Amino acid sequence: MAFQNTKELKFGYSLKQQSAYSTALTTVDACHDCNNDNTFEFPLKKVDNANTVGKGHRWPTKRRTISQDAKLSQTFQCSSWILGYILSYALGYVETTEVVPGSVYEHLFKIADVDQLPVTTIWQELAPGNQIAVRDCCIQSFSLSGKTEEHIEAQHTIIGSGHYASSAVSIPDLVTTSFLLFHNVQFKYNAVDISAKIKDLTFSFQNQLNEKDGYCPGCPKFLTPNGKEVAVRKRLLKTGEQADLKFKMLYENNDIRTDDLENIERNITITASGDPIDETHNHECKIEIPKATINSHSLGKEENYFVYDCQVGFNWDNTITGPFQVTLKNNIPEYLALPS
Amino acid sequence: MDDFKYKIEPKPGSKVKRIATTGIVLDFKKGPVIVPKEVLKNKQVIDVVDILEKIPVEVESHKQPEEKETTPGPGKSRSRKNGGE
């Protein structure tokens, strides 16, 4: 008997995007550890005839499986590796600059002007010999949050087409990572450094996706062990996006209240840094919100001190062609490469 | 109908070496790249690049090659009626 411990679960990720929806990748780039032992769920949509009439009772007599979905939610101690992975698939657009040839790269991530976000394949290994490749994985939402004396935590929610296949690729050992720590965060509000007043913060982003549309006529099929066909998605159209920033800061003056009352646009810049890449560059992530407004604030208390609980709204900015952008500096040469 | 491809490079002063989004990877490390017009429908790509040249795409001829008169081999017919008779 060989029961499988959840701690031995292994995930393989790729920085390459699939060449097309429904075309799985065949090579895995890296393994990255996560905080939870969640595994892929494959929810089934079933219909039955419980509500039909004329059969003499109120119970169903048959059920049929129509379609299959694929979902996974993971949390990570935020490294620059996993952050780049999340940003590339969640935002879908990246411009890369070589800061130091061959070693330091700067990636500018923006919300992509596309209908279909880039998708990738994720490998899940419950035990040696029990591995699946889940194709068409798209990042539906992510959040970055931090509290004093903690790692920044990254969370993402994956949605696939519903298709998976048995696989036997060799998932590499854990990727070398540089973690981003909350005490290295710099928070600038209206170009003023207020980092020391920040108690905690959460930046979150959600892609609004039309989950039903993909089960259109002509969509691919997943074959059950008995050869029956279950529909899986052909595509996953993006219909919109939503971004949110919440932070808690020690109360010192009334500026936030005035900004909230008058909807004054302020520039917010949040920078988090990690280990050195070379003598002059560190792993670093910078979130820029050029036209942020305080959407709501409330006065609260935390350990005998008054704090402001703030929620930020994002206005469009023509200079960056979007409501926000994220710059990530690390040692990864490219994101969203197409398979060779 | 005429179709075009476009030779593009990052705007002057830009240090961008690579742009990637769904299904598109533009690698400028070796200089300008030629892309189909669909790539320039992306607002973000337009923001970053200059168009250097508009290149007409040759439309492939769909003419059937001329049929040569050949002598049918022994026992073979050059045409068949319906039903293979």
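At a glance:
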{"item": "The range A:283-297, residues that are more than 13 Å from residue A:243 (Cα to Cα) and acidic (Asp, Glu)", "result": "A:284"}
{"item": "Residue in the range A:1-50 that is surrounded by the most Cβ atoms within 10 Å (Cβ to Cβ), counting only those that are without any contact (Cβ under 8 Å) to a residue 40 or more places away in the chain, of a type outside the set (Val, Ile, Thr) and within 19 Å of residue A:128 (Cα to Cα)", "result": "A:38"}
{"item": "Count of residues meeting criterion [within 20 Å of residue A:93 (Cβ to Cβ) and either buried (at least 19 other Cβ atoms within 10 Å of the Cβ) or in contact (Cβ under 8 Å) with a residue 40 or more places away in the chain (or both)] in the range B:43-60", "result": "6"}
{"item": "Number of the exception - residue A:122 against (1) over 14 Å from the mean Cα position of the chain (by Cα); (2) more than 14 Å from chain B (Cβ to nearest Cβ)", "result": "(1)"}
{"item": "Within the range B:2-30, tally of residues that are out of contact with any strand residue (DSSP E or B) (no Cβ under 7 Å at 6 or more places or on another chain) and either more than 9 Å from chain A (Cβ to nearest Cβ) or more than 15 Å from residue A:112 (Cα to Cα) (or both)", "result": "4"}
{"item": "Residue check for residue A:164: hydroxyl-bearing (Ser, Thr, Tyr), buried (at least 19 other Cβ atoms within 10 Å of the Cβ) and more than 14 Å from chain B (Cβ to nearest Cβ)", "result": "yes"}
{"item": "Restricting the range A:252-274 to residues that are surrounded by 15 or more Cβ atoms within 10 Å (Cβ to Cβ) and over 14 Å from residue A:189 (Cβ atoms), the residue that is modelled with the highest pLDDT", "result": "A:272"}
{"item": "Sole exception among (1) over 21 Å from residue A:207 (Cα atoms); (2) of a type in the set (D, E, K, R); (3) crowded, with 17+ Cβ neighbours inside 10 Å for residue A:69, by number", "result": "(1)"}
{"item": "Any hit, the range A:67-76, residues being part of a loop (DSSP other than H, G, I, E, B), closer than 27 Å to residue A:337 by Cβ and acidic (Asp, Glu)", "result": "no"}
{"item": "Single match in A:337, A:292 (criterion: within 29 Å of residue A:77 (Cα to Cα), modelled with pLDDT of 95 or more, surrounded by fewer than 19 Cβ atoms within 10 Å (Cβ to Cβ) and not basic (Lys, Arg))", "result": "A:337"}
{"item": "Identity of the residue in the range B:31-54, of a type in the set (A, V, I, L, M, F, W, C) and at the interface with chain A (Cβ under 10 Å from one of its Cβ atoms), that ends up farthest from residue A:109 (Cα to Cα)", "result": "B:46"}
{"item": "Of residues in the range A:125-142 being over 19 Å from the mean Cα position of the chain (by Cα) and polar (S, T, N, Q), the one farthest from the other protein chains (Cβ to nearest Cβ)", "result": "A:130"}
{"item": "Subset of the range A:85-110 [more than 7 Å from chain B (Cβ to nearest Cβ), under 15 Å from residue A:277 (Cα atoms) and either hydroxyl-bearing (Ser, Thr, Tyr) or not in a loop (DSSP other than H, G, I, E, B) (or both)]", "result": "A:99, A:100, A:103, A:104, A:105, A:106, A:107"}
{"item": "Scan of the range A:167-184 for residues that are β-branched (Val, Ile, Thr), more than 20 Å from the chain's Cα centre (by Cα) and crowded, with 18+ Cβ neighbours inside 10 Å, ordered by number", "result": "A:171"}
{"item": "Complete set of residues in the range A:194-209 that are at pLDDT 95 or above and either of a type in the set (Asp, Glu) or surrounded by fewer than 14 Cβ atoms within 10 Å (Cβ to Cβ) (or both)", "result": "A:208"}
{"item": "Any hit, the range A:19-41, residues being among the hydrophobic types (A, V, I, L, M, F, W, C), outside any loop (DSSP other than H, G, I, E, B) and within 14 Å of chain B (Cβ to nearest Cβ)", "result": "no"}
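Table: residues versus (1) touching a Phe, Trp or Tyr at 6+ places or on another chain (Cβ under 7 Å); (2) within 30 Å of residue A:300 (Cβ to Cβ).
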{"position": "A:181", "(1), (2)": "no, yes"}
{"position": "A:184", "(1), (2)": "no, yes"}
{"position": "A:198", "(1), (2)": "yes, yes"}
{"position": "A:220", "(1), (2)": "no, no"}
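The values are calculated or read from the model by the stated rules, or taken from the named source; none is laboratory data. These numbers come from a predicted model, not from an experiment. A quick note on method: Cβ atoms are made from the backbone with ideal geometry, for glycine too, and the neighbour counts reach across all protein chains shown.
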